[in-house]
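What follows is a single structure, and I will ask about it in a moment.
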Amino acid sequence: MVTRAIDLATMGRALHDLSAQFLGDVVWNPQNDEQARFLAWCAANREQVASLVGYKSSASTDYAILNCFMEKEGYGPQFTPFEGVGIASLFGATVNWPVKGTLASISRWGRPTETLRHGVEECYSAFHIALGVDAFEVLGLQDPLIRIGIRGGHYLWLMKTPEPTSDMALAKLAQIMLTSDRLPNLAWHSVKIPMLEIEVQPDISWLIGTNTTSPQCGYQRICQVIQRYRLRINEPGARIMITPSFAGRREDSGARPYVFDDPFMGFFTQSESGIARGAFYADIDSWRNSEGTLEEI
């Protein structure tokens, strides 16, 4: 099992901006099923993708200009020379819980070994939130879906799940959770979450080959793709950084919290938005409390 992450919204916005700045109102042609699903998702969520908050980009025909943009944002060079057009982009946001969480810990049995049927007991740094937490039952899914309010009208959604089979499967599951019928689950009003430190590079190589023809720039085929995903979650809040690039209720202190003591997935939603953002699957390799503030990732 391994930690995963992906964000379709920033990928869609980068493709939108690249078209708007260089290619015009073009139609991108898919060459495989993953591309077709992604382009259909972009078309269905075009207005929300175009209005993302916290996003910025640089489009150019010069790979060095794009690398300079990324280096100024704290990332290394991502592009090699190309003949055509490209875009480098960044989404960043720091969010805070309504009230700072309290430090806690989570204990769980590790994975079985050849000599230990139940593995060994492991302890992870965690925090407890007892304000702005709601739980729901989602049709067809076993575990409760937990929604945590964030200042500004945003939300973090969490659910224990088996590991998704791919990054695109993770994105699809996040949207299913968000849009499926759900009923209130009154059993849980607080949560205990492990500290998270995620830094991964989602595999979006399936996007290579997507192509279009523009009156201004002729035939264009995507040949370089990269997305870097960083997420830190701790007791003050969360910080998320994504770089896609193409060539509440207070409970008594005795209330039992819902404990995320198994791998789980999550995603964010912005106020007045119906799309899942920054989907991640947090296996125990990302359960750690790193030094530094949210702004330092």
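Of the residues in the range 173-182, how many are crowded, with 17+ Cβ neighbours inside 10 Å and not aliphatic (A, V, I, L, M)?
Applying the first criterion (crowded, with 17+ Cβ neighbours inside 10 Å) to the range 173-182 yields 173-175, 177-178, 182.
Filter again for not aliphatic (A, V, I, L, M), leaving 175, 182.
Residues meeting the conditions: 2.
List the strands (runs of 3 or more DSSP E) that sit entirely inside the range 204-263 and contain at least 3 residues that are modelled with pLDDT of 80 or more and in contact with a Phe, Trp or Tyr (Cβ under 9 Å, 6 or more places away or on another chain). Steps first, answer last, please.
Numbers: elements: 211-214, 218-221, 226-233, 237-245.
Hits in the range 204-263: 211-214, 226-233, 237-245.
Take ALA50 and decide whether it is closer than 20 Å to SER214 by Cβ, of a type outside the set (Asp, Glu), modelled with pLDDT under 90 and under 19 Å from the mean Cα position of the chain (by Cα). Step through it out loud before you land on a result.
On the way: closer than 20 Å to SER214 by Cβ: yes; of a type outside the set (Asp, Glu): yes; modelled with pLDDT under 90: yes; under 19 Å from the mean Cα position of the chain (by Cα): yes.
So ALA50 passes the test.
Evaluate the following for PHE79: is it of a type in the set (A, V, I, L, M, F, W, C), closer than 30 Å to TYR124 by Cβ, touching a helix residue (DSSP H, G or I) at 6+ places or on another chain (Cβ under 7 Å) and buried (at least 16 other Cβ atoms within 10 Å of the Cβ)? It would help to see each step written out before you state the result.
On the way: of a type in the set (A, V, I, L, M, F, W, C): yes; closer than 30 Å to TYR124 by Cβ: no; touching a helix residue (DSSP H, G or I) at 6+ places or on another chain (Cβ under 7 Å): yes; buried (at least 16 other Cβ atoms within 10 Å of the Cβ): yes.
The answer is no for PHE79.
List every residue pair whose Cβ atoms sit under 6 Å apart, with the two residues 6 or more apart in sequence or on different chains, where the first one lies in the range 15-32 and is closer than 13 Å to ILE222 by Cα and the second, anywhere, is of a type outside the set (Ser, Thr, Tyr) and in a helix (DSSP H, G or I).
Final answer for the pair search is TRP28/LEU39; PRO30/ALA36; PRO30/LEU39.
I need every pair where a residue in the range 161-178 that is modelled with pLDDT under 90 has its Cβ under 7 Å from the Cβ of a residue that is assigned to a loop (DSSP other than H, G, I, E, B) and of a type in the set (S, T, N, Q), sequence separation at least 6 or different chains.
Filtered contacts from the range 161-178: no entries.
Does the range 132-156 hold any residues that are among the hydrophobic types (A, V, I, L, M, F, W, C) and over 15 Å from ASN234 (Cα atoms), and which are they?
The initial filter retains those residues of the range 132-156 that are among the hydrophobic types (A, V, I, L, M, F, W, C), namely 133, 135-136, 138-139, 141, 145-146, 148, 150, 156.
Residues satisfying the conditions are VAL133, ALA135, PHE136, VAL138, LEU139, LEU141, LEU145, ILE146.
Keeping to the range 98-124, report how many residues are modelled with pLDDT of 85 or more and of a type in the set (Gly, Ala, Ser). Explain how you work it out, then say what you get.
Applying the first criterion (modelled with pLDDT of 85 or more) to the range 98-124 yields 98-107, 123-124.
Among the residues that remain, those that are also of a type in the set (Gly, Ala, Ser) are: 101, 104-105, 107.
The total comes to 4.
Which members of the range 120-141 meet the condition of being within 22 Å of the chain's Cα centre (by Cα) and over 18 Å from PRO257 (Cα atoms)?
Across the range 120-141, the qualifying residues are VAL138, LEU141.
For residues that are within 25 Å of the chain's Cα centre (by Cα) and surrounded by 18 or more Cβ atoms within 10 Å (Cβ to Cβ), tally how many sit in the range 183-222.
The total comes to 18.
For the range 3-38, give me the residue count where each residue is surrounded by fewer than 17 Cβ atoms within 10 Å (Cβ to Cβ) and hydrophobic (A, V, I, L, M, F, W, C).
Summing the residues that are surrounded by fewer than 17 Cβ atoms within 10 Å (Cβ to Cβ) and hydrophobic (A, V, I, L, M, F, W, C) in the range 3-38 gives 3.
Could you grab the pairs with beta carbons closer than 7 Å, sequence gap of 6+ or different chains, first residue in the range 102-114 and farther than 24 Å from GLU235 by Cβ, second one loosely packed, with under 12 Cβ neighbours inside 10 Å and modelled with pLDDT under 90?
TRP109/HIS118; TRP109/GLU121; GLY110/VAL120; PRO112/HIS118
The values are calculated or read from the model by the stated rules, or taken from the named source; none is laboratory data. Note that the structure is a prediction, hence the values are computed from the model and not measured. Every residue, glycine as well, gets a Cβ built from its backbone with ideal geometry; the counts of neighbours run over all protein chains shown.
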